[in-house]
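Heads up, the thing below is written out as structure tokens.
Laboratory data are not the source of any read-out in this text; all were calculated from the coordinates shown. Model, not experiment: these values are computed from the prediction. Positions of Cβ are generated from backbone atoms using ideal geometry, with glycine treated the same way; all protein chains shown enter the neighbour counts.
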Amino acid sequence: MARDKPKDTRPLQVYTLVVELGRLDGDGLPDTASGGGMILYAPGRDEPEAVRDAVRILKDAGLNPLDVESHGTAEEQRADGVDLGQEELDLMDRARAENSVVVAQKEAYYD
């Protein structure tokens, strides 16, 4: 009989992620764009989980994430002297409450 994996009871944290996008057919970026970037808020029990889940969701959405840079949780950013605006905090709260990735910004890049 297989044992069930113990449930992870650590609280969800929300991480600010900056994602660099490459091109794929049907990715929704303008035809003349060379790629793109996104800022998103991703929940996870830890940073690796948040990054893995965000990358999986972006790939499922037909995007091509090339690189992900984490800026940490709101608490970590505050400790680094970052002044977060209310809109950012509201989006982070939404990501936590819905346990889902929230895209704050998407931008196309041009060479």
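Among the residues of region 87-111, the one identified as small (Gly, Ala, Ser) and free of Cβ contacts under 8 Å to residues at least 40 places away in the same chain is ALA97. Against the conditions (1) of a type outside the set (Phe, Trp, Tyr); (2) touching a helix residue (DSSP H, G or I) at 6+ places or on another chain (Cβ under 9 Å); (3) exposed (fewer than 15 other Cβ atoms within 10 Å of the Cβ), ASP90 satisfies every one except (2).
Considering region 87-111, the residues that are among the aliphatic types (A, V, I, L, M) and assigned to a strand (DSSP E or B) include one that is farthest from THR32 (Cα to Cα), namely VAL102. When the residues of region 93-104 are filtered to those that are out of contact with any Lys or Arg (no Cβ under 6 Å at 6 or more places or on another chain) and either farther than 18 Å from PRO43 by Cβ or among the hydrophobic types (A, V, I, L, M, F, W, C) (or both), the one that is surrounded by the most Cβ atoms within 10 Å (Cβ to Cβ) is ALA95.
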